[in-house]
Amino acid sequence: MNEAQHRFRLFQWYFNSKKNSMPKTQAVKAINESWKALNLLEEGQMALAQGRVREASGLFNSTYSGVQSALNVLHARGTSVARNQGYAQTIAWIKQILSNYYYQFQMLYKFYTEFHGYSVDMLKDALRHIGVMSNYVSMAARDEVTKPSEALARYELALANLMEAILYINQTAEREKYIKIKV
Amino acid sequence: MPLPVLTKLKADELQWLKFLTQTMMNNLRQVFEYHRASGHMDLGVAMWVMDQVSSAAKDIERSDRQEKSNRYGAAINEMKDAYATLIRAESYLYVSRTPLWNIESAKQFMDRKYRRYLGHIYTG
């Protein structure tokens, strides 16, 4: 039951984030699929409450597949949008992500160096990755118009290095016992 | 009346953490959407990340309640939990994207930290 409910929540989340940008017919189709799944979920919950465990289990499995169908309706849109919009849109998107994460890096760096007094040496690995990130960004910017697929790959590598830098800062904070990442 | 120095420090630290956590949360949502729309998002990963975000949001709420009662130490601890949860979600979301698997240290970090925990949805 939990798994079925979980997947239903996932559908709702996807749907809410996309409902204003998708064609109405597609939204209706996705909603119809999800209604069928919701009915199955409710029937399953009722069967479970009445002790009909085997039947409930079957209904939860059907719920799971039903939500999957609804998700597929949304997913089909997401994938084709990404493909059709082409590189320009994707590059614009990844540049925005890069910019936001770079801001996050700056804030983290400031917090640990200025507030907690971490030395530059402690965070040198992070800074090394920021250097590599800058190189990839320069290369990507140069190729953005003429070789967009290569530019995109380089922006992703830039993002990879930025994330590495953030990871190093957080690992340092963990080593210093400031944060504990629960496992 | 101004806050005592130690309390002021804790209040400042809390503001920093709150700001960082909120920034992470926003970034995580954005990159999640990017992965999903570009067709690389595995549903298992998506569900797991959503759970982490929702868990972090609860930690933030608890922290806000502690802050309102002027219990800055407790508020910081709750915010640190949210922060750590988001780091975990962020790292996993990030390395779950296939083309980026060549980033060795991120892989190792994830291997060491989460492989056992993530079990069946771990794609590496």
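No lab work stands behind these numbers, since they all come straight from the coordinates. Treat the numbers as computed from the prediction; the structure is a model and nothing was measured. Because the Cβ atoms are built from the backbone with ideal geometry, glycine has one as well, and the counts that use them run over all protein chains shown.
Values computed for the structure shown
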{"read-out": "When each of A:177/B:58; A:124/B:58; A:147/B:80; A:36/A:180 is checked by Cα-Cα distance, pairs over 32 Å", "value": "A:124/B:58; A:147/B:80; A:36/A:180"}
{"read-out": "Shielding by partners, peptide A:174-180 (average Cβ within 10 angstrom, other chains)", "value": "2"}
{"read-out": "Anchor residue B:18: aspartates and glutamates whose Cα lies under 14 Å away (excluding residues fewer than 8 positions away in-chain)", "value": "B:59, B:61, B:64, B:67, B:78, B:81"}
{"read-out": "Relative packing of B:13-20, A:160-167, A:92-99, which averages over residues the other C-beta atoms within 10 Å, highest first", "value": "A:160-167, B:13-20, A:92-99"}
{"read-out": "Number of partner chain Cβ atoms within 10 Å, mean per residue of A:95-104", "value": "3"}
{"read-out": "Separation of alpha-carbon centers, region A:125-183 and region B:54-82, rounded to whole Å", "value": "29 Å"}
{"read-out": "For B:11-17, mean number of other protein chain Cβ atoms within 10 Å", "value": "2"}
{"read-out": "Local net charge near residue B:7, Cβ-Cβ under 13 Å (Lys/Arg +1, Asp/Glu -1)", "value": "0"}
{"read-out": "Spin-label pair residue B:61/residue A:88, simplified geometry with 7 Å Cα→Cβ offset, distance in nm", "value": "4.4 nm"}
{"read-out": "Residue A:179 long-range amide H proximity, modeled H, under 5 Å", "value": "A:174"}
{"read-out": "Check: region A:86-175 dipole with +1 on Lys, Arg Cβ and -1 on Asp, Glu Cβ, in debye", "value": "100 debye"}
